[in-house]
Amino acid sequence: MNNKTPQAGIFNENERHMHFLEYVLTSDNIVLIKQAISKALEIEQSEQLTLVVSFGKQAWQKLQSNWTPATLEDFTEIKGKQGHIAAATQADVFFWLQGEDIGDVFDAAMHIHHAMKQIANLTLEQQGFDYHHKKDLIGFEDGTANPKTDELKRAAAVIPKGQPGEGGSLVLSEKWVHDMDKWGEVPVHCQEAIVGRTKIENEELQGDAMPPDSHVSRTDLKVDGVAMKIYRRSAPYGTVQENGLMFLAFACELKRFTSQLESMYGLADDGMIDQLLNYSKAVSGSYWFAPAVEDLQTMLK
C-alpha cells in the first residue's frame with residue numbers, strides 16, 4: 001500500500017460532465033506561479049465535483065527541483081508506419097474537472113482560469129460529457145478494459161511505494177477528432193472487427209474472430225510478461241461540426257503508455273496499425289505527473 005494519497009478525483013467515476021484545461025507558463029516567477037496554482041485549487045471538492053492537477057516535466061522540475069518521477073518525459077510527435085501522426089502539444093499545467101452539474105463544473109473552470117491567466121496561456125480547453133452511459137461517440141463502451149477492482153485500478157494507475165512520486169500518477173491526455181461520417185458508412189460487423197468487441201453486448205471477440213489489427217489487439221499488451229494495464233478516464237466531446245474523444249489515462253510508469261502507442265501506430269515488431277486510426281486523429285498529446293496530495297501541498301509551499 002502507498003503511504004501517500006492519490007488525488008481523489010482520479011478514481012471518482014460518478015461524473016457526468018468534464019472540463020479540460022491545459023496551460024503553458026508565461027512567468028518565471030516561482031512565487032507567483034505557486035500562488036496562482038494554489039488559488040486555482042481553492043475549489044470545494046466533493047463526490048459531486050472533483051479536480052485533479054498535473055504537471056509537465058519541465059514545469060514540475062521548475063516548481064519542485066528535488067526529484068522527478070523516474071519515467072516522466074515530454075510527449076513527442078509519433079509518426080506512424082502508414083502516415084498517421086499523433087500530435088505533440090506538451091504544456092505545463094493540466095486541470096481536469098469532473099462533476100454532476102455542468103454549471104458547477106463551469107464555475108470551477110472559470111475560477112481556475114481567473115487564477116491562472118496572469119501567469120500562463122491557455123492552450124487547450126475542452127468540455128466533455130457522459131454519452132449514453134460511458135460510450136464513445138462511435139457507439140462502443142469506453143474503458144471496458146479498465147481494471148475491475150479498486151486495488152487493481154490503483155496498481156495500474158499509482159506509482160508504487162519507494163519510487164519517486166509514490167502515490168502519484170503519470171498521465172496521458174490526447175484530443176482525438178473522429179470522422180463520424182466515414183465511421184457511419186462502416187457496417188456494424190466491420191466496426192466490431194475494427195474495435196475488437198461486439199457493439200451491443202460489449203463482448204470481446206474470441207479466437208480467429210479477433211483481428212490482430214483491432215483496437216483491442218493493439219492495446220491489450222504484455223511487455224516482459226507484465227500486462228500494460230492503464231486506467232482510462234476519457235470523455236466524449238464536441239458539437240455537430242467537430243467531435244471525438246478526450247482520451248485521459250493514468251499509469252504507474254510511462255512504458256504503459258508508450259508501448260500501447262507504438263503498437264497502435266505500427267512501431268511494434270509486427271508493423272501493424274490500429275485500424276481505428278483510419279477513423280480518428282490525435283490532434284493533441286501531453287504527458288503529465290499528478291502528484292500525491294502530500295507532495296502537491298509540499299511543492300506549493
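The values are calculated or read from the model by the stated rules, or taken from the named source; none is laboratory data. What you see is a predicted model; the values in this text were computed from it and never measured. Because the Cβ atoms are built from the backbone with ideal geometry, glycine has one as well, and the counts that use them run over all protein chains shown.
Brief remarks follow.
- The residue pairs whose first member lies in region 281-293 and is in contact (Cβ under 8 Å) with a residue 24 or more places away in the chain, whose second member is surrounded by fewer than 21 Cβ atoms within 10 Å (Cβ to Cβ) and assigned to a strand (DSSP E or B), and whose beta carbons are closer than 6 Å, counting only pairs six or more residues apart or on different chains, are Lys281/Val177; Val283/Val177; Ser284/Leu124.
- For region 248-284, a residue qualifies if it is within 18 Å of Asp136 (Cβ to Cβ) and either part of a loop (DSSP other than H, G, I, E, B) or in contact with a Pro (Cβ under 6 Å, 6 or more places away or on another chain) (or both), and the qualifying residues are Asp274, Tyr279, Val283, Ser284.
- Filtered residues of region 25-54 (kept if within 24 Å of Pro236 (Cα to Cα) and in contact (Cβ under 8 Å) with a residue 24 or more places away in the chain): Gln45, Glu47, Gln48, Leu49, Thr50, Leu51, Val52, Val53, Ser54
- Residues within region 184-203 that are touching a Ser or Thr at 6+ places or on another chain (Cβ under 8 Å) and not polar (S, T, N, Q), tallied: 6
- Taken across region 80-87, residues that are among the polar types (S, T, N, Q) and either under 19 Å from Ala36 (Cα atoms) or within 18 Å of the chain's Cα centre (by Cα) (or both) do not occur at all.
- Residues that are within 20 Å of Glu242 (Cα to Cα) and either crowded, with 19+ Cβ neighbours inside 10 Å or touching a strand residue (DSSP E or B) at 6+ places or on another chain (Cβ under 9 Å) (or both) within region 142-188 comprise Asp142, Ser173, Glu174, Lys175, Trp176, Val177, His178, Asp179, Met180, Trp183, listed in sequence order.
- In region 77-95, the condition of being surrounded by fewer than 16 Cβ atoms within 10 Å (Cβ to Cβ), on the phi < 0 side of the Ramachandran plot, modelled with pLDDT of 95 or more and of a type in the set (Ser, Thr, Tyr) is met by no residue.
- Considering residues of region 173-224 that are outside any helix (DSSP H, G or I) and of a type in the set (Lys, Arg) only, the residue farthest from Ser54 (Cα to Cα): Lys199
- Answer residue from region 189-200, given it is more than 21 Å from the chain's Cα centre (by Cα) and among the hydrophobic types (A, V, I, L, M, F, W, C) and is surrounded by the most Cβ atoms within 10 Å (Cβ to Cβ) among those: Ile194
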